[in-house]
1. For residue 116, are the conditions met, namely being charged (D, E, K, R), open to solvent by less than 60 Å² (accessible area, probe 1.4 Å) and at pLDDT 90 or above?
2. Hey, any hits in the range 61-78 for a residue that's within 30 Å of residue 100 (Cα to Cα) and more than 26 Å from the chain's Cα centre (by Cα)?
3. Find all pairs meeting these conditions: Cβ atoms under 9 angstrom apart; at least six residues apart or on different chains; first residue within the range 17-29 and part of a helix (DSSP H, G or I); second residue modelled with pLDDT under 90 and surrounded by 12 or more Cβ atoms within 10 Å (Cβ to Cβ).
4. Within the range 51-80, which residues are open to solvent by less than 90 Å² (accessible area, probe 1.4 Å) and assigned to a strand (DSSP E or B)?
5. Condition (residue is at pLDDT below 80, of a type in the set (Asp, Glu) and either open to solvent by less than 90 Å² (accessible area, probe 1.4 Å) or out of contact with any Ser or Thr (no Cβ under 6 Å at 6 or more places or on another chain) (or both)) applied to the range 95-108: is it met by at least one residue?
6. Exactly one condition in (1) surrounded by 10 or more Cβ atoms within 10 Å (Cβ to Cβ); (2) closer than 30 Å to residue 124 by Cβ is false for residue 11; which is it?
Amino acid sequence: MERANRTLQDRLVKELRLRNISTTEDANTFAEAFTADYNSRFEKPAKNPKDMHRPLAPHEALDGAMCVKSERTVSHSLTLLYDKVMFILEESEITKNLPRKRVTVCDYPDGRLEIEYEGVSLPYRTFDKIREINRAAIVENKRLGPVLEMIAEQQKQRQVTRSKRTPKRRGLGKNMFVKTP
């Protein structure tokens, strides 16, 4: 909130305090009026009013610039590991020559994940190594209950987590990563 070219200087916090605003709803309501007042005091007209924006050319792909790229080596069984998830490449003409070669994993902020080799997107399946037991999805069983309790306890103790560097993804168990050709 203090990064608007160093012009806020704690103004918003002071304004909220002066108006006795202490809830998120009241602050959001006040933010509209504060923004309008702030813009009227600090905005400056452009030196050149001409709109200099241009449309992207077909060869300019911003998607590639907005992702975390990481290289991985493909195994002989056409698999690779990324963020504790095993990716199994679908067998095709391209992938049959990939063992021991490097591929690029593109991890997008919106949760999409793409595996590329020389600019070609490769279809894949996933095997999540940290998948957890969802006991609610399993029908109650007299013998299965204690086993599930033990597995759930082991999962809590192992404390294996995903990397904090990559964009967050949700729903691994819901085929979030499954890439279709």
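The values are calculated or read from the model by the stated rules, or taken from the named source; none is laboratory data. The shown structure was predicted, so the numbers you read here are calculated from the model rather than taken from an experiment. Cβ: placed from backbone, ideal geometry, glycine included. Neighbour counts: every protein chain shown. We work out accessible area using only protein heavy atoms, side chains counted, and drop any ligands, DNA or RNA first. Shrake-Rupley method; radii C 1.70, N 1.55, O 1.52, S 1.80 Å.
1. For residue 116, the condition - charged (D, E, K, R), open to solvent by less than 60 Å² (accessible area, probe 1.4 Å) and at pLDDT 90 or above - is met.
2. So far as the range 61-78 goes, yes, one or more of its residues are within 30 Å of residue 100 (Cα to Cα) and more than 26 Å from the chain's Cα centre (by Cα).
3. 26/16; 27/12; 27/16
4. Passing the criteria: 68, 70, 72, 73, 79, 80.
5. Within the range 95-108, not a single residue is at pLDDT below 80, of a type in the set (Asp, Glu) and either open to solvent by less than 90 Å² (accessible area, probe 1.4 Å) or out of contact with any Ser or Thr (no Cβ under 6 Å at 6 or more places or on another chain) (or both).
6. (2)
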